[in-house]
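Written below as C-alpha cells is the structure these notes are about.
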Amino acid sequence: MYRSMLLLVAASLSLTLSTQALAQENTASSPVATLVTIKTPAGISRPMLEAEFKRAVPVYEKIPGLIRKYFIADADRFGGMYLWKDRASAQAWYSAAWRAKAKALYGSEPDVSWFDVPVQIDNSTAR
C-alpha cells in the first residue's frame, strides 16, 4: 500500500514537472500581445495622428515576427495593440533604442503592457 502511494505521488510529481516544462517551452514560442500607449504631445490633433499612422504602415509591415498591429488613439494618448509570433520578436522590437527614440519624439516614455496569448479567434473570415 505504502509503495503504491509512493509510486502514485512520484508519477503525479513527474507529470506536474513535465507539464510545467512544456508550459515554459510553449510560452517562449507562443504568441504574445502588447499594448503600447504614449501620452499625446500638446498641439497634436487627431487628424495629425492618423496621418502619421498611415505614413508608418510600411515600417510595421516589415517588422519580423509582427503578425498584426492596430493603431489606437483616444483623447489623451495614442499607440498600438500588437500581436507577435513570439516573445523574442517583440523584445527585439522594444529595445532600449526604440524606447529612447519614442521618448525623444513624443516627450514621454511609452508604456508597454505584455500579455500571453494562449488562444486566438479570427471572426474576419466568412463562416
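What follows is calculated from the coordinates using simple rules that are stated; it is not laboratory data. Because the structure is predicted, anything quoted here is derived from the model rather than measured.
The aspartates and glutamates whose alpha-carbon is closer than 14 Å to the alpha-carbon of residue 103, local same-chain residues fewer than 8 away aside, are 111. Normalising the Debye intensity of the range 59-106 to I(0), with uniform scatterers on Cα atoms only, and taking log10 at q = 0.30 Å⁻¹ returns -1.19. The phi-based Karplus calculation (6.51 cos²θ - 1.76 cosθ + 1.60; θ = phi - 60°) puts the 3J(HN,Hα) values of the range 47-56 at x, 5, 4, 5, 5, 5, 4, 5, 5, 7 Hz, whole numbers, x for Gly and Pro. Normalised by 2.2 N^0.38 Å, with N the number of residues, the alpha-carbon radius of gyration of the range 34-81 equals 1.17.
Restricted to Cα atoms, the range 29-116 shows a radius of gyration and a Dmax of 12.9, 41 angstrom.
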